[in-house]
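Single-structure report; data block below.
A short reminder: the numbers here are calculations on the coordinates, not readings from a lab. Because the structure is predicted, anything quoted here is derived from the model rather than measured. Cβ placement follows ideal geometry from the backbone for every residue including glycine, while neighbour counts extend to all protein chains displayed.
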Amino acid sequence: MIRHTVVFRLKHAPGSPEERDFLAAARSLVAIPGVEKFELLRQVGRKNAYTFGISMEFADAEVYAHYNDHPAHVRFVQERWLAEVADFLEIDYAPLAVRP
């Protein structure tokens, strides 16, 4: 399993129509085959400057690669993400096998 996470800050004013439109577009990524446990999140802590997060899971690295190359994801990144995100941090996790 791969958990793909990204925290980000938008260029748009908080609560603006542009912010709402971007978040709606981001939410549409859930429709890409292989996306599981999709969450669009609002940052509530004060330990960093990011305001939103996205978290999703994939069965394995092959499914995650398919997501990354999917036309809907590529289009979202090219048309929305690069133009509207001010700053971000992306982290991809795989579970550790913990031995007793």
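Run lengths n ≥ 4 of DSSP H only: what is the helix-derived mean residue ellipticity at 222 nm for the chain, with -39500 (n - 2.57) per run over all residues, to the nearest 500?
-7000 deg cm²/dmol
How would you order 50-60, 24-34 from highest to lowest mean count of nearby Cβ atoms within 10 Å?
The peptides rank, most packed first, as 50-60, 24-34.
On a 0 to 90° scale, report how tilted helix 17-27 is relative to the longest principal axis of the chain, with both axes built from alpha carbons and the result rounded to the nearest 10.
Compared with the principal axis, the helix lies near 20 degrees.
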